[in-house]
Amino acid sequence: MTKHRLATKAIHAGEPRPAIQGAVCVPIFQSSTYEDLGQGSYHDLRYMRLNNTPNHVALHAKLAALENTEDALVMASGMAAISAALLTVLQSGDHVLCQDCLYGGTHDFITKDLPALGIDHDFIDPNRPETWADLVRPTTRAFYVETITNPLMRVMDLAAVVDFSQAHGLVSMIDNTFATPIFFRPAEHGFDLSIHSGTKYLNGHSDIVAGAVLGSSELIERVTHKLNHLGGSLDAHACFLLHRGLKTLPLRMAHHHQSALEIARHLESHPAVARVFHPGLTSNPDHDRAAKLLDGYPGMISFELKGGLGAADDFLAKVELPFVAPSLGGVETLVTRPATTSHAGLSPAERQAAGISEALVRVSIGLEDTRDLIADFDQALA
Ligand code: PLP
């Protein structure tokens, strides 16, 4: 299967052959437990919490093929994936280095929950790799970053993260939710663990929550054992929907890429707009790096209006096609103010330090006709 290209893998990788009872779609195995076939080890018995039913097995193979990893593991949400992965590589007394601007839930988990377990952290300055070594302690075990940051769409020097991690014996971990395997495959760049919120682009239809961790068989086995105890497995019906969504991922990402880039350029030239954040814009400080590292850009755009918070609220009240809602990566366009949703858990001072203004608007461009979205945004900005 590795010889095939992404669009082919999305359809065929991981599909059981011969097909189960001839079904061209993997059926939903609505069975929590399975007959003991003398497997011996507890972890090999088939049981839904152990994430090893036929629905899970097919998904793991498809995801691993898409990202060119040895193995993959799906779970109940992106946060289940993030927490299970971090708790696998970190123990009490350990220390983790993190990118400074992370998804709000991850930021909260690292700054509030991990310290209670005796796990310490430091935020690195992504623009000054020469300062990172000063933060390394004898107890530092991992380096955690995001491919494209939420909500400011920064793309840091990811090659430097891998080199640094390898030089210091750290597990390199990356949240690849925004880029998806279509635009970035972390293992090909040397990352040890890739993490996804499957709720977003992987599923793509805003109808489930799911997560995934991908990496070497050895690391995924360790994450699996941790998850078996934490219990955040993915149920069979959600597996089915995630599996179905993955088959159209390459097509959907191509549309998200085209449409968001066109809308970002349009917004940048609009007189009411002060600043637009999108890695595909040549005005973006990370554009050259992003263009080299990524095979495309997701449907995510953030922007600030010249009229500040009042104008942002007006825009949210006036847009007609998008839903005003958190989350991202679905077929429908969503707009939100990160200060009140994804990054509400940060204090105003933390948000300011991360560059997230109260007036920042984030848009997840869906699969509607680009011309209709531009017309709607124009009337809302008028
Ligand atoms: N990672 C990123 C980049 C996200 O944007 C989110 C949610 O918005 C998550 C992880 C958490 O995912 P979930 O809501 O599936 O737990």
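Every read-out reported here was derived from the displayed coordinates using simple, explicitly stated rules and does not represent laboratory data. As the structure is a prediction and not an experimental result, all values here were calculated from the model. Cβ placement follows ideal geometry from the backbone for every residue including glycine, while neighbour counts extend to all protein chains displayed.
So here's what we get for this one:
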read-out	value
Test item: Cα-centred dipole of the range 6-246, Lys/Arg +1 and Asp/Glu -1 on Cβ, debye	600 debye
Ascending count of other beta-carbon atoms within 10 Å, so fewest first, for Glu35, Glu368, Glu70	Glu35, Glu70, Glu368
Equivalent ellipsoid, the range 1-109 (semi-axes from 5 times Cα gyration tensor eigenvalues, Å)	30, 21, 13
Residues of type aspartates and glutamates that Lys226 reaches as a straight line, Cα spacing below 15 Å, ignoring anything fewer than 8 places off in the same chain	Asp44, Glu218
Cβ-based exposure ranking for Leu37, Leu73, in which fewest neighbours within 10 Å come first	Leu37, Leu73
For the range 301-313, 3J(HN,Hα) per residue [Karplus equation, 6.51 cos²θ - 1.76 cosθ + 1.60, θ = phi - 60°, Hz, x = Gly/Pro]	9, 10, 7, 10, 9, 4, x, x, 4, x, 5, 5, 5
Nearest-ten-degree value, helix 217-230 long axis tilted from longest Cα axis of the chain	90 degrees
Packing-based exposure ordering (other Cβ within 10 Å, fewest first) of Met253, Met79	Met79, Met253
Share of pairwise Cα separations in the chain, more than 25 Å, in percent	55 percent
When the convex hull of its Cα atoms is projected in every direction, mean area for the range 112-223 (nm²)	8.2 nm²
Table column - 3J(HN,Hα) (Hz), the range 193-204, Karplus curve with 6.51, -1.76, 1.60, x for Gly and Pro	10, 10, 10, 9, 8, x, 4, 8, 5, 4, 7, x
Interchain or long-range residues, amide H under 5 Å from Gly366's placed H	Thr333, Leu334
Shape call, the range 249-381: gyration tensor on alpha carbons, a/c limit 1.5	rounded
Alpha-carbon centroid distance for the pair the range 98-140 / the range 2-78, whole angstrom	33 Å
Karplus 3J(HN,Hα) series, Hz, for the range 139-151 with 6.51 cos²θ - 1.76 cosθ + 1.60 (x for Gly, Pro)	9, 6, 10, 8, 10, 10, 9, 10, 4, 10, 7, 10, x
Cβ crowding within 10 Å averaged over residues, with 91-98, 12-19 ranked highest first	91-98, 12-19
Neighbour count of at most 11 Cβ within 10 Å plus DSSP loop: longest trypsin sites (Lys or Arg not before Pro)-free window in the chain	6-382
Acute angle (nearest 10 degrees) that the helix 78-89 long axis makes with the longest principal axis of the chain, alpha-carbon atoms	60 degrees
